[in-house]
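One structure is given below, encoded as structure tokens.
Derivation of every value follows stated rules applied to the coordinates shown; laboratory data play no part. This is a predicted model, so every value here is computed, not measured. Every residue, glycine as well, gets a Cβ built from its backbone with ideal geometry; the counts of neighbours run over all protein chains shown.
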């Protein structure tokens, strides 16, 4: 079954701990993205990668880090430097540039205790 | 800078009534606009894009550059249209979409 898989779906973290969210896709898409979804604020872009071994900061990259060592994988690390990490995180991929069509995962909800 | 505004957080209509979800944008160049939808317990997915000028599930949206708007319309709402709707703009190379805050549409029986 093709698509984007995010894990875990729910994650709890203590303050001061880093946590890594997984995103895997088997759609053979070059580009991948991480968005943060907060009520009333829509989706805000954290990081994106248009090709393996390359990634760029989005609008709210502070306190986050990513890697893109494989085409299929784009993990997001929420570091202790992120001031307000409790949120819903969405991973997406796209088949190519300028299509405007993103394919989304089911999301991961991170709660900091 | 590019920005997308959806002024209504919640829109409630009765089944069979017309519905219009508002979207306004700011962008100095020539934008591409999209509507994404998220049904309950489903993934966020593309509904339609302005360059296609198509009708999907009875929904249409026209880009009005003079008013910088891209409102989503449907003449007769159905209960299955109840969902979260996001307007999005792509104003630069690639797919770095800027999303609005979203509007929750509730269609009552």
Checklist outcome for this item: Picking from B:100, B:91, B:58, the residue that is on the phi > 0 side of the Ramachandran plot and surrounded by 12 or more Cβ atoms within 10 Å (Cβ to Cβ) would be B:58
Checklist outcome for this item: Selection from the stretch B:62-105 of residues touching a helix residue (DSSP H, G or I) at 6+ places or on another chain (Cβ under 9 Å) and touching a residue at least 40 places away in the same chain (Cβ under 8 Å) yields B:70, B:74, B:105
Item to check | Residues being surrounded by fewer than 19 Cβ atoms within 10 Å (Cβ to Cβ) and farther than 15 Å from residue B:89 by Cβ - total across the stretch B:2-49 | outcome: 19
Checklist outcome for this item: Filtering the stretch A:89-113 for residues that are part of a loop (DSSP other than H, G, I, E, B) and more than 14 Å from every other protein chain (Cβ to nearest Cβ) leaves a count of 1
Next on the checklist: Can you find a residue that is within 13 Å of chain A (Cβ to nearest Cβ) and closer than 19 Å to residue A:33 by Cα anywhere in the stretch B:19-32?
Outcome noted: yes
Checklist outcome for this item: Scanning the stretch A:42-88 residue by residue, those out of contact with any strand residue (DSSP E or B) (no Cβ under 9 Å at 6 or more places or on another chain) and within 14 Å of chain B (Cβ to nearest Cβ) turn out to be A:54
Next on the checklist: Take residues that are in contact with a helix residue (DSSP H, G or I) (Cβ under 6 Å, 6 or more places away or on another chain) and tell me which of the strands (runs of 3 or more DSSP E) falling wholly in the stretch A:27-79 contain 1 or more.
Outcome noted: none
Checklist outcome for this item: Within the stretch A:44-57, residues being within 11 Å of the chain's Cα centre (by Cα) and either touching a residue at least 24 places away in the same chain (Cβ under 8 Å) or on the phi > 0 side of the Ramachandran plot (or both) number 3
Item to check | Among (1) more than 14 Å from chain A (Cβ to nearest Cβ); (2) within 13 Å of the chain's Cα centre (by Cα), the one test that residue B:47 misses | outcome: (1)
Checklist entry - Is at least one residue of the stretch B:44-61 over 19 Å from residue A:41 (Cβ atoms) and touching a residue at least 40 places away in the same chain (Cβ under 8 Å)? => result no
Item to check | Subset of the stretch B:50-70 [within 12 Å of chain A (Cβ to nearest Cβ) and closer than 19 Å to residue B:100 by Cβ] | outcome: B:50, B:51
Checklist entry - Is it the case that residue A:39 is more than 9 Å from chain B (Cβ to nearest Cβ), within 30 Å of residue B:50 (Cβ to Cβ) and out of contact with any strand residue (DSSP E or B) (no Cβ under 6 Å at 6 or more places or on another chain)? => result no
